[in-house]
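**Q** I'd like to ask some things about the structure below.
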């Protein structure tokens, strides 16, 4: 192959400017994943009660494995697209489509769930926005937020990188202060053990809690998104990703332990029956589970007086950024999938006036609106509530969104682990500046490769979470697979009509693609290393072929 | 923002917060261990403490690397 020609060939396609700093890369990931705990904490406390910290620990271990996998893949293949691209490259077209379609489900849920939770947080300061007391107002405002974000994305307005970095920085400082004050002045290990002993959930509820806890760790696509726009990503991404993974893990574990073992600064209101209730129960009830971090912060000694006023606003801003990243991310992934003929070309249609992928934005915001209606219906209409109670164990709106979010994440992450193993075996020539730890070296098809043990652990972890989701979520077990099935049917029809291979992959020149990727990323040393590896492997193959002929 | 991130003051601030995280992690481990001993229920709190210490370690490493790379 004339690799030298490929290197010399100028890049014709317009590409994203690589101007993201290490802090920018961290804050990009943080504003996506960091917001998840604002939603996840209340849901998990409501489901897993005294074992919420165990649920977060289990999901957190799986998340660390996923984070390491994304770090390795994003540093080796620094292109936007994340899990969808890795699976597409490692496992072929149809699996690339399934992974991308699952990611698209997550992005559409992301739009609704975070817009919903954003209004929940604001309702702590503006009570008329409360979902429990004023469901119609809540519905209309969330609808308006989604419509507004769609409009802003069509016009082409995004929050600036500097604003993102500022909000992320402010939130890291704020969450750290909440934890410091909480652990220093109110955390009681005896109370933690007491809660864990006397409020330990049933196995079913624990599985439910674990499947919801994974939503606190969703959004790692942003790591690869940042890789596309970071200079020298192979060295920057591993550094920022490890820090991001640890920070998010600490916040999730710390909040859950604090909620179970904290002595509140002031009295907690009694429940509906007039009985005293512990803090974790108060945080997990329907009134507070959408804004649990703000409520928890208000009960932290000293600092809580101030936190009660600004945490709802800060949380709402972070959640709004996350919701916007859902609109932006879904349109960008659909655009990319359309470019590789996994989705119809209509998703690449760009508005003449604003030069944005208007069809993609409208389509996935439309899906988000449908999900919003489905999640809000039980509260808006008593007749529907009755139906939901019988069909879906009376799940509330935010739990329904959490169900689907967990399903989409678990499905796409499962494929990412398999893709990582496949790429380790079939693309050993691509240099990897970061590798997941604990590897077993062996020879595969004449090449020395390393088998990633952590990927196998992570795969079984995420598959178990997928199974927990299917067992415990009445809606998730139906709506999630239906989404995949609906997408697959569309994919098969589209590929057949276009006379493209349906179950097989189209031919791809991955070598040319990899050289272009590394050249665009400014990773010239890696590109040289890649070319040397390619030549060595080709020489080995030629020698083996000559030996066979002889 | 970019100048702030590149400044030595920022690296020092991260080092200080890293040290605070490490101290808090150590306090969580000592207090939990003191209250319950080595029980299964103490594991999530102990993991939290270890993760905090690890984060402190990473920030210290980043600070040393940043200091070395400066002329």
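**Q** What average number of partner chain Cβ atoms lie no more than 10 Å from the Cβ of the residues making up B:13-24?
**A** Counting other chains' Cβ atoms within 10 Å and averaging over B:13-24 gives 2.
**Q** Between the helical axis of A:476-497 and the dominant principal axis of chain A, each derived from Cα atoms, what acute angle in degrees is found, rounded to the nearest 10?
**A** For helix A:476-497, the angle is close to 30 degrees.
**Q** What base-10 log of the normalised intensity I(q)/I(0) is obtained for the range A:366-444 from the Debye formula, alpha carbons as equal point scatterers, at q = 0.11, 0.13, 0.22, 0.23 Å⁻¹?
**A** -0.53, -0.60, -1.04, -1.10
**Q** So, R0 is 35 Å and r is the distance between the beta-carbons of residue A:353 and residue A:474; what FRET efficiency does that work out to, to 0.05?
**A** So the FRET efficiency works out to roughly 0.20.
**Q** Tell me the mean residue ellipticity at 222 nm calculated for chain B from its helices only (DSSP H runs of n ≥ 4, each -39500 (n - 2.57), averaged over every residue, nearest 500).
**A** -29500 deg cm²/dmol
**Q** Among the DSSP beta bridges whose two residues both lie in chain A, what percent are antiparallel, rounded to the nearest 5?
**A** In chain A, approximately 90 percent of DSSP beta bridges are antiparallel ones.
**Q** Answer rounded, prolate or oblate for the range A:265-403, using the Cα gyration tensor with square roots of eigenvalues a ≥ b ≥ c: rounded when a/c is under 1.5, else prolate when a/b is larger than b/c, else oblate.
**A** Cα axes put the range A:265-403 in the oblate bin.
**Q** Now a separate question. Gap in Å between the Cα centre of the range A:327-398 and the Cα centre of the range A:466-485?
**A** The range A:466-485 and the range A:327-398 have Cα centres separated by 17 Å.
**Q** Is the range A:393-507 rounded, prolate or oblate when judged by the Cα gyration tensor, a ≥ b ≥ c being the square roots of its eigenvalues, rounded requiring a/c under 1.5 and prolate requiring a/b larger than b/c?
**A** oblate
**Q** Can I ask one more? Once both axes come from the Cα atoms, what is the angle between helix A:303-339 and the longest principal axis of chain A, in degrees from 0 to 90, rounded to 10?
**A** 30 degrees
**Q** Where does each of A:256, A:505, A:428 land when they are ranked from fewest to most other beta-carbon atoms within 10 angstrom?
**A** Neighbour counts put them in this order, fewest first: A:505, A:428, A:256.
**Q** Per residue of chain A, what 222 nm ellipticity follows from adding -39500 (n - 2.57) for every DSSP H run with n ≥ 4, rounded to the nearest 500?
**A** Computed mean residue ellipticity for chain A: -24000 deg cm²/dmol.
**Q** Something else about it: Order by neighbour count: A:459, A:417, B:58, A:442, fewest other Cβ atoms within 10 Å first, most last.
**A** Result, fewest neighbours first: A:442, B:58, A:459, A:417.
**Q** Given R₀ = 45 Å, FRET efficiency for residue B:65-residue A:485 by Cβ-Cβ distance, to 0.05?
**A** FRET efficiency, residue B:65 to residue A:485: 0.35.
**Q** How big is the equivalent ellipsoid of the range A:180-310 along its three axes, where each semi-axis is √(5λ) from the Cα gyration tensor, reported in whole Å from largest to smallest?
**A** In descending order, the three semi-axes are 33, 18, 14 Å.
**Q** Please label the shape of the protein assembly as shown as rounded, prolate or oblate, based on the square roots a ≥ b ≥ c of the eigenvalues of the alpha-carbon gyration tensor (a/c under 1.5 means rounded; beyond that, a/b larger than b/c means prolate, else oblate).
**A** prolate
**Q** Another question about this same structure. Which distance in nm do the two modelled labels at residue A:151 and residue A:504 give, with both placed 7 Å along the Cα-to-Cβ direction?
**A** My value for the distance between the label points is 5.0 nm.
**Q** Under a point spin-label approximation (7 Å from Cα along Cα-to-Cβ), what is the residue A:540-residue A:439 distance to one decimal in nm?
**A** So the label points at residue A:540 and residue A:439 sit 1.3 nm apart.
**Q** Mind giving me the FRET efficiency for residue B:16 and residue A:529? R0 is 56 Å, r the Cβ-Cβ distance, nearest 0.05 is fine.
**A** Here the calculated transfer efficiency is 0.90.
**Q** In degrees between 0 and 90, to the nearest 10, how far off the longest principal axis of chain A does helix A:358-380 point, with axes built from Cα atoms?
**A** Roughly 30 degrees, rounded to the nearest 10.
Bear in mind these aren't lab numbers, they're just calculated from the coordinates by the rules spelled out. Here the structure is a predicted model, which is why all the values come from computation and not from measurement. Cβ atoms come from the backbone with ideal geometry, glycine included; neighbour counts cover every protein chain shown.
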